[in-house]
Structure formats: structure tokens, C-alpha cells
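Worksheet: the structure to be examined is printed underneath.
The values are calculated or read from the model by the stated rules, or taken from the named source; none is laboratory data. Please read all numbers here as calculations on a predicted model, not as lab measurements. We place every Cβ from the backbone using ideal geometry, glycine too, and count neighbours over all the protein chains shown. For accessibility, only protein heavy atoms count, side chains too; no ligands or nucleic acids. Shrake-Rupley method; radii C 1.70, N 1.55, O 1.52, S 1.80 Å.
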Amino acid sequence: MKRFFLAAIRSLGVLVLAAVPTVVIASENCDLENGRSVFQSCAVCHTNDDSGRHGAVGPNLNGVLNREVGSVSDYKFSSALKKSDEKWTPEHLHAFLESPMDVYPLTRMAFGGLKNDKDRRDVICMLGE
Ligand code: HEC
């Protein structure tokens, strides 16, 4: 009996350790310099300014943070993004930028994703500037 309890306590411990904390994007820890440098890989396709012009293939990302997905005017989004009524919260962007096609399988954003957690946080921070 005692052994059973020990085993139960041990497996509970494992469960507690396995509980993954949710994504926290703390702006005070943000490295804008790194964000800008990471954005260079996005700038091949995207603009991020108030010119109103879109990038070579992607939409202008100016003000994208907390905007509705696929809503910027005069850009032809895939129906995957156009139909979504979610917002680009930091958490949603974090997931999308890690692996765009896992979040929107039919997106036209042909980008494998940013695997580095800090790079994703910094580029999101930079987009929110
Ligand atoms: C190879 C070109 C390409 C690269 C590189 C690229 N994107 Fe995109 N991105 C696109 C395209 C095309 C779309 C529109 C997708 C659709 O309509 O499905 C898009 C859409 C987006 C959207 C949704 C915009 C909205 O208004 O809903 C965000 C956010 C975004 N990209 C961020 C990024 C970031 C940040 C990077 C760099 C880490 C990046 N993208 C790299 C092509 C690219």
C-alpha cells in the first residue's frame, strides 16, 4: 500500500513538471535590435511602414498586432486568412510564426517558420512598436 502511494506521488510530480507554461511575451524583455535583424528575412516578402504599399508578395505588416487576421485592404489574402475571424494577438502570432502552415494549413505564406523562441518574441515586439 505504502509503495502504491509513493508511486502515485511520483507520477503526480511528473504530471506537474509536464505542465507547460503558456506563452508569455513580456515587452520589457524585448530586444528590438534583434527583432529588426530577424525582420530582414520577412522583408523579402513584406513591407512594414506607413507607405500603404504591400511587399513583393506579402501584405504590409504595419499595425498588424491585434488586427483582425487577413483584413488589410487591397491585399488579396488566401481564403484561409480571409475567412479567419481571429486577431493577431502576440500569442497567435507566436504560434503562426513558429510554423505558419500548422496554424493555417492553406496559407500562401511560403515560409518554414522561425524556430527560435527569442527571435519570434523579438520580431513580434518590433511589429508592435
Ligand atoms: C516567402 C514570402 C514570405 C516570407 C519570407 C514571410 N511572409 Fe508573411 N506572408 C506572406 C504571404 C504571401 C502572406 C499572405 C498569406 C495568405 O494570404 O495566406 C503573409 C502573411 C503574413 C501575416 C498575416 C498578415 C495579416 O494582415 O493577416 C503575418 C503576420 C506575416 N505574414 C508575418 C511574417 C513575418 C513576421 C515574417 C518573417 C519572420 C514573414 N511573414 C515572412 C509571405 C511571406
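Could you work out the local net charge near K76, counting Lys and Arg as +1, Asp and Glu as -1, over the other residues with Cβ closer than 14 Å to its Cβ?
Details: positive: K82, K83, R108; negative: D74.
Here the count lands on +2.
What number comes out for the charge environment of E129, summing +1 per Lys or Arg and -1 per Asp or Glu over other residues with Cβ under 13 Å away? Its environment carries a net charge of -4.
Accessible surface calculations at 1.4 Å, restricted to protein heavy atoms, place the stretch 54-129 at 55 Å² per residue. The calculated FRET efficiency for the pair R36 and D85, based on their C-beta separation and a Förster distance of 25 Å, comes to about 0.25. Put a dot 7 Å past the Cα of D117, heading toward its Cβ, do the same for N62, and the two dots end up 3.4 nm apart. Normalised by the number of residues in the stretch 32-127, the mean separation of alpha-carbon contacts (under 8 Å, six or more apart) gives a relative contact order of 31 percent. Using a probe radius of 1.4 angstrom, the carbon and sulfur fraction of the accessible surface of the stretch 47-92 is 47%.
Taking amide hydrogens as placed 1.01 Å from N in the peptide plane, the amide H of K87 sits under 5 Å from those of V69, each at least 5 positions away in sequence or on another chain.
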